[in-house]
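> Can you read through this structure? Questions will come right after.
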Amino acid sequence: MSDATLPKVAEQALNRVRSSGVAIGGIAVLAGLAVSRVLLQAFGIQHYGFFRDELYYIACSHHLASGYIDQPPLIALIAWAARHLFGDSLVGYRILPVLAGGATVFLTGLLARELGGGRLAQFLAAVVILLAPLSLAFNGILTMNAFEPLFWLLCAWLAVRIVKGGSSSLWLLMGATAGMGLENKHTMLVFVLALIAGLALSRQHHSALLKLFRSKWIWLGALLAFVLFLPNLIWETFHGWPQFEVVRNAQQLKNVELSPLQFVGEQILFMQPLALPIWIGGLCWYLFATEGKRFRFLGWAYLIVVGIFIVLHGKSYYPAPIYPVMAAAGGVAFEQLTARLDRRWLRLAYPAVLIVVGLATLPFGVPLLPVDAFLRYSQAVPYQRWVKTERDATVALPQIYADMFGWENMAGTIAGVYHNLSKREQTNCAILAGNYGEAGAIDMYGRRLSLPRAISGHNNYFLWGPRGYSGECVILFGERAEINKNFFGEVERVATISDAHAMPSEQEVPVYLCHKPKSPLSVLWPHFKLII
């Protein structure tokens, strides 16, 4: 090597070291933001009680199967794992969702880096997701929605890597991710189809697209996704595709129907209004920016996902998992927009204001405040009043909080009725709950109250049947109790369940002691069916 080339080699080596240092520094920042998210959620993890759906998923975890009437099997398996790893407690069941939230924040920043973003882009993208009220709310409870963004985000990250020339074998990892995502929630299929359609609509990729589809790896990835999803498909087939019945009944009887404008308006609230320029900027960057040209398929995917859920009258939070993908591009767009010297002040001002407003909306995503303090706060900052995803929604508390109240009191009231019975009656007395939340509350809190497991006609509880009870003695309460009591010849109202902070349907709930069924409970059972 000549003396003349030594400085060049040294300079190249120095540049590599600097680049490596910047990357490591960026990773450290993202890791810090992810840890901050976990700590934020840890402060509110047990201020209120179990969420309605958590009680149901925990009940499902005692009946592991390859499918359930209203969800794929992964969430029940996660609940089973949480119970065996961390114990049968509120904190134990919520550890994995909280960690998933931290991972989502971290991966959002990584996607921004993969799109060409520097530290500012990565930081801003991660902060948008870190403080998004809906993201915080979902990652604070055991729910499919806590894990769904991770599956969508990882698929997007892998797609970007492939488009940038990464190994074709990454299709296998994408197939595994999509397959597991489908076992978590069926809406994963919407995102997968939107990705494929987005690639097809990105005309500049037609030649590259043909090359991709000629690769054996994409088909092997698709096969892997299918194999992973197959157990649930088989279950759905043998049970008459109940998921379609659930969706149809929810649209007709449960969900609030929104106009397209209202639907988009709720997206703005879910993500925090001041974050709007970031995810809108991300959409524009994907669709129109020269630098985003290669990744235009993700912009199309966003429009397709939102369009599908609007047309099918899905709940307004269904597109939520795609917003980390938009935030990543938004961070890049902001970084590029503020590169000029006369705009540099925005690099400090906007993130600072975003964080301040995010902290102001924090109590709507994390139950940090005692309930009375939160009610006062929500009157001063009426943030949640604009969002209503179901018809039976309380005014005093947002639904996600209201559904955390009343369950332990409910189990205590039922225990009082049950233990008032004679020992002979207790032996064959069924506790018939109206919905899966009520039944789940009996199953969760009833163990220490010496109660038998509940029965219910709601969703998968219907499949579990009447558990051998004859119906000669039934404690009946909850949804449709006024109708179901007519199946008994002798009915006495023995108690009332109420909690001022619970959902309206769980306030002033009558409890009936029923005898003399008009037919055996096994014969009457189809009349209790409630699929919604």
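> Name the one entry in 408, 438 that is touching a residue at least 24 places away in the same chain (Cβ under 8 Å), touching a helix residue (DSSP H, G or I) at 6+ places or on another chain (Cβ under 7 Å) and under 29 Å from residue 258 (Cα atoms).
Checking each option against the conditions leaves just 438.
> Continuing with this model, one more query. Would you check if there is a residue in the range 509-516 being among the β-branched types (Val, Ile, Thr), open to solvent by 10 Å² or more (accessible area, probe 1.4 Å) and in contact (Cβ under 8 Å) with a residue 60 or more places away in the chain?
Checking the range 509-516: not a single residue is among the β-branched types (Val, Ile, Thr), open to solvent by 10 Å² or more (accessible area, probe 1.4 Å) and in contact (Cβ under 8 Å) with a residue 60 or more places away in the chain.
> Please give the number of the condition residue 32 fails out of (1) among the small types (Gly, Ala, Ser); (2) free of Cβ contacts under 8 Å to residues at least 60 places away in the same chain; (3) touching a helix residue (DSSP H, G or I) at 6+ places or on another chain (Cβ under 9 Å).
(3)
> Looking at this structure, is residue 334 open to solvent by less than 30 Å² (accessible area, probe 1.4 Å), of a type in the set (A, V, I, L, M, F, W, C), over 23 Å from residue 154 (Cβ atoms) and in a helix (DSSP H, G or I)?
yes
> Here's a follow-up. Scan the range 35-56 for residues that are touching a residue at least 40 places away in the same chain (Cβ under 8 Å) and part of a helix (DSSP H, G or I) and report the count. Walk me through how you get there before you give the answer.
Pass one, the range 35-56, residues touching a residue at least 40 places away in the same chain (Cβ under 8 Å): 35-38, 40-56.
After this cut, where a residue has to be part of a helix (DSSP H, G or I) as well, the list is 35-38, 40-43, 52-56.
Number of matching residues: 13.
> Could you tell me whether the range 306-313 includes any residue that is farther than 20 Å from residue 185 by Cβ, open to solvent by less than 50 Å² (accessible area, probe 1.4 Å) and either among the charged types (D, E, K, R) or at pLDDT 90 or above (or both)?
Within the range 306-313 (the criterion being farther than 20 Å from residue 185 by Cβ, open to solvent by less than 50 Å² (accessible area, probe 1.4 Å) and either among the charged types (D, E, K, R) or at pLDDT 90 or above (or both)), the answer is no, since none of the residues qualifies.
> Which members of the range 283-323 meet the condition of being under 25 Å from residue 258 (Cα atoms) and of a type in the set (Gly, Ala, Ser)?
299, 301, 307, 314, 316, 320
> What is the residue count in the range 80-116 for residues that are surrounded by 23 or more Cβ atoms within 10 Å (Cβ to Cβ), farther than 30 Å from residue 282 by Cα and not hydroxyl-bearing (Ser, Thr, Tyr)?
2
> Let me ask something additional. Answer with yes or no whether residue 280 is open to solvent by 60 Å² or more (accessible area, probe 1.4 Å) and among the β-branched types (Val, Ile, Thr).
Taking the combined requirement at face value, the residue satisfies it.
> Right, next: Identify all residues within the range 221-250 that are open to solvent by 70 Å² or more (accessible area, probe 1.4 Å), part of a helix (DSSP H, G or I) and without any contact (Cβ under 8 Å) to a residue 60 or more places away in the chain; write none if there are none.
Across the range 221-250, the qualifying residues are 223, 226, 227, 237, 238, 244, 248.
> Just give me the residues in the range 117-133 being small (Gly, Ala, Ser) and surrounded by fewer than 23 Cβ atoms within 10 Å (Cβ to Cβ), in sequence order.
Passing the criteria: only 118.
> Among what's in the range 468-483 and is in a loop (DSSP other than H, G, I, E, B) and under 31 Å from the mean Cα position of the chain (by Cα), pick the residue that is surrounded by the fewest Cβ atoms within 10 Å (Cβ to Cβ). Outline the logic, then answer.
Of the range 468-483, the ones in a loop (DSSP other than H, G, I, E, B) are 468-472, 478-480.
Subset that is under 31 Å from the mean Cα position of the chain (by Cα): 478-480.
Values: 478: 26, 479: 22, 480: 15.
This residue is 480.
> Are there any pairs with C-beta distances below 7 angstrom linking a residue in the range 289-307 that is at negative phi to a residue that is small (Gly, Ala, Ser) and surrounded by fewer than 19 Cβ atoms within 10 Å (Cβ to Cβ), with the two at least 6 apart or on different chains, and if so which?
Qualifying pairs under 7 Å: 291/116; 300/197; 304/197.
> Inspect the range 177-186 for any residue being basic (Lys, Arg) and modelled with pLDDT of 90 or more and give the result as yes or no.
The answer is yes; a qualifying residue exists.
> Return yes when residue 441 is surrounded by 15 or more Cβ atoms within 10 Å (Cβ to Cβ) and either under 28 Å from the mean Cα position of the chain (by Cα) or farther than 14 Å from residue 62 by Cβ (or both) and no when it is not.
In short, yes.
> Just need a number here: residues in the range 134-159 that are within 22 Å of residue 305 (Cβ to Cβ), open to solvent by less than 10 Å² (accessible area, probe 1.4 Å) and touching a Phe, Trp or Tyr at 6+ places or on another chain (Cβ under 6 Å).
2
The values are calculated or read from the model by the stated rules, or taken from the named source; none is laboratory data. Only a predicted model underlies this, so the values are computations on that prediction, with no experimental measurement involved. Virtual Cβ from ideal backbone geometry, glycine too; neighbours counted across all protein chains shown. The area values use the complete protein model at the heavy-atom level, side chains included, leaving out ligands, DNA and RNA. Shrake-Rupley method; radii C 1.70, N 1.55, O 1.52, S 1.80 Å.
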